[in-house]
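Since the structure comes first, as structure tokens, the remarks are kept for the end.
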Amino acid sequence: MATAGVQLLAFALALSGVSGVLAATLLPNWKVNMDAGSNIITTIERLEGLWMDCTWYSTGMFSCTLKYSVLALPSHEQAARATMILACILSAVGICTSTVGMECTRLGGDPETKRHACFAGGVCFLSAGTSGLIPTVWYTKEIIANFLDLTVPQSNKHEPGGAVYLGIISAVLLVISGTIFCTSCLKKNSGALLHPCKHPPVSTAQPEDSLAYSLKDYV
């Protein structure tokens, strides 16, 4: 029962991580630029994401432009697109696989198959968390390097947006969830190795009737 409770906790963390990674992939605020202009009336907030760029005016107007050309994007944005999509796919596969492998479900058949499914789900979550952590950290590094570059005009400098922080937190949750799943499966496997199944001893004694019958054959 303790293992089932730990797996439920890991599954809840994984669901939160999957939702966060998906939201971070779609949100447009990976980096933010606030241009105040000459007065508060001309304040403009520019949001840039992986799939679209949005502009928020102080008057309340909001407009977005999709990024259709992949080759026109910087290398870190292209890599972020690919790895975040991979993280979403791996985390979805991990959700399906871990559902089969958890002790509290009746799917998967025998315990050995459920252990393999549980471990596979943990590996998927670990891979998804790594795939989501690499682009967010790399993207943040590029934003900070651009911000500290003295040759870049102040109007072209950006700060990390909420989507980056959401992606980092969600990736960490996926890594924690995958570690818990893999550890719980390994604990069960090690326990099976330390306490192998004891088979009942095979009796070599012959029944009295058969022994008497065999002695009669020699008389």
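The values are calculated or read from the model by the stated rules, or taken from the named source; none is laboratory data. Note that the coordinates shown come from a computational prediction; the quantities given were computed from them, not determined experimentally. Please note: Cβ atoms are built from the backbone with ideal geometry, for glycine as well, and neighbour counts cover all protein chains shown. The accessibility values were calculated without ligands, DNA or RNA, using every heavy atom of the protein model including side chains. Shrake-Rupley method; radii C 1.70, N 1.55, O 1.52, S 1.80 Å.
Express in whole angstrom the spacing between the alpha-carbon centres of segment 76-101 and segment 107-122. When both Cα centres are located, 20 Å separates them. Using a cut-off of 14 Å between beta-carbons, work out the net charge of the residues near Trp138 (Lys and Arg +1, Asp and Glu -1, Trp138 not included). My count for the surroundings of Trp138 gives +1.
State the percentage of accessible surface on segment 13-125 attributable to carbon and sulfur atoms; use a 1.4 Å probe and exclude ligands, DNA and RNA.
Of the solvent-accessible surface of segment 13-125, carbon and sulfur hold 70 percent.
Neighbours of Asn29 by Cβ distance under 12 Å: Lys/Arg scored +1, Asp/Glu scored -1, total -2. The mean accessible area for residues of segment 1-124, using a 1.4 Å probe and ignoring ligands and nucleic acids, is 54 Å² per residue.
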